[in-house]
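These notes are about the structure you will find just below.
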Amino acid sequence: MTDERSKDVDCAAAIAALSELQARQRQAHLSGDAGALTARIADDFGWCRMANLAAGP
Amino acid sequence: MANPHFGKLADVWKHVALAEVVELERPRRYAETHAGSAAYPIVHDAEREFGILRFLKVAAGSDLLARSRYNAVTAFWLNDRGLYPGSALQVMTILGDDSSYLLCDMDPESAADLQYWGRELNLSRCEVAQTDGMAAVAAWLGQHADQPGLVHIDPFDPDARGPAGYSALDLAVRVAESGTPLVYWYGYEESSDQAWAYARLTSRTRTPLWCGDVLVTGTSGTPGDLGIATTPGTGFGVILANVHAGTADACTTLGNALAEAYADVVFSDGSRGSLNFTTRSNGQAV
């Protein structure tokens, strides 16, 4: 039981540390390049919507 | 809840199969019951060195793994942002705005992360529900059923019932019988439990299922513990329902390639072993 509790504590600490890292990462990413990122993903992964937009009406 | 086990080998196989299924089935609607966070800053520890970081190295020497959708998606995010993409971000990256999304997680941090990346990718139909995923996805199944969808169930506890009374296994049976494509992930910590979820699901539905199971084998005396380390005796697998035969075949090919790439591997505890990849099927996939 002690081991299980200690695992729970370890897991909770790991999740808390992870959440903090994620929040910092999101903050760091607020650099206004979201459009460029989306365009590159659309290009690399062939999003149809982006292809249709590029083709025009 | 944020998945503290992201990027470990069990996560790798889950996402290898999921990404391939999504790429081949191209659902117009995607729902996930336990989405976790969208993205995880990569960490360089023994388990990730054995999991995603080793995968990327061995994929460079394996045509099959190199061509996998998982390899492309994961390499993109790691190289570009230093992030490991969770299930939802894997699928968003592959499908973009061609699909709508219902991403469920009770954890507010995870929900915030999913919303953030849905906005960043300009997805116009990305709903994040901070609620019981089993109930939300059960309700979702009945909506717009004319459009091809896909449900991903990746539970912490397969038998825990949410407020609506569904467990993850209950929902998996319901999804399988609805005709909607299903990806269900399970794990275990003793070799006697190999493919346990397949046995339980086939006892509850006649819908044809495919199961790709990875059992870690070796001589180490370390007790199996999926949550701490990838050790002999631990294992994990993916169950598919209502997918095309070619999709299950593609996952079989990738599972075999993964096992081959990890043959006689050194585990994080220093011992040697291998991955035993097996498939099970109780009928022709649709």
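A few remarks follow.
- Here's the picture: charge each Lys and Arg Cβ at +1 and each Asp and Glu Cβ at -1 in the stretch B:33-114, and of B:Ala88, B:Ser37, B:Leu53 the one pushed furthest to the positive end of that dipole is B:Leu53.
- Distance between the modelled labels on B:Asp146 and A:Ala16, one decimal in nanometres: 5.2 nm (7 Å Cα→Cβ projection).
- Distribution of pairwise C-alpha distances over chain B, 10 Å bins, in %: 7, 31, 39, 21, 3, 0
- Separation of the stretch B:232-286 and the stretch B:1-55, taken as the distance between their Cα centroids, equals 15 angstrom.
- In the elastic network of chain B, a GNM with C-alpha springs shorter than 10 Å, the most mobile of B:Gly179, B:Gly133, B:Gly270 is B:Gly270.
- Across the stretch B:194-286 the C-alpha pair distances fall into 10 Å bins from zero in the proportions 17, 42, 28, 12, 0 percent.
- Based on DSSP H segments of at least four residues, each scored -39500 (n - 2.57), chain B has a per-residue ellipticity at 222 nm of -11500 deg cm²/dmol.
- Value in Å of the Kirkwood radius, where the protein assembly as shown supplies the Cα pairs that are averaged: 20.2 Å
- Here the 3J(HN,Hα) profile of the stretch B:110-121, calculated from phi with Karplus coefficients 6.51, -1.76 and 1.60 at θ = phi - 60°, is 5, 4, 5, 5, 5, 5, 4, 6, x, 5, 4, 8 Hz, Gly and Pro shown as x.
- Amide H partners (placed H, <5 Å) of B:Ala129, local residues excluded: B:Leu103, B:Cys104, B:Asp105
- Choice from B:Phe76, B:Phe55, B:Phe236 with maximal GNM fluctuation in chain B (Cα, 10 Å cutoff): B:Phe76
- Other-chain or far-sequence residues with amide H under 5 Å of B:Gly51's (modelled H): B:Leu9
- Rounded to the nearest whole Hz, the Karplus-based 3J(HN,Hα) values (6.51 cos²θ - 1.76 cosθ + 1.60, θ = phi - 60°) of the stretch B:76-86 follow the sequence 4, 5, 5, 5, 7, 10, x, 10, 8, x, x, with x at glycine and proline.
- Residue-normalised convex hull volume from the C-alpha trace of the stretch B:31-170: 130 Å³ per residue.
- In the elastic network of chain B, a GNM with C-alpha springs shorter than 10 Å, the most mobile of B:Tyr198, B:Tyr101, B:Tyr116 is B:Tyr116.
- When all protein chains stay in place and ligands, DNA and RNA are ignored, the 1.4 Å accessible-area order of B:Ile228, B:Ile52, largest first, is B:Ile228, B:Ile52.
- When +1 charges are put on Lys and Arg Cβ atoms and -1 charges on Asp and Glu Cβ atoms, the dipole computed for chain B relative to its Cα centre reaches about 540 debye.
- Across chain B, Cα pairs under 8 Å and at least six residues apart give a relative contact order of 20 percent.
- Across the stretch B:90-106, computed HN-Hα scalar couplings (Karplus, 6.51 cos²θ - 1.76 cosθ + 1.60, θ = phi - 60°) run 4, 6, 4, 5, 6, 9, x, 8, 6, 10, 9, 9, 10, 10, 10, 6, 6 Hz from first to last residue, x flagging Gly and Pro.
- Distance in nm between pseudo-label sites at A:Arg40 and B:Arg67 (7 Å out along the Cβ direction from Cα): 2.7 nm
- Environment charge at B:Ala250 (Cβ cut-off 14 Å; Lys +1, Arg +1, Asp -1, Glu -1): -2
- The protein assembly as shown, dipole about Cα centre (Lys/Arg Cβ +1, Asp/Glu Cβ -1), debye to the nearest 20: 680 debye
The values are calculated or read from the model by the stated rules, or taken from the named source; none is laboratory data. Here the structure is a predicted model, which means the values were calculated and not measured. Cβ sites come from the backbone with ideal geometry, for glycine too, and all protein chains shown count toward neighbours. The area values use the complete protein model at the heavy-atom level, side chains included, leaving out ligands, DNA and RNA. Shrake-Rupley method; radii C 1.70, N 1.55, O 1.52, S 1.80 Å.
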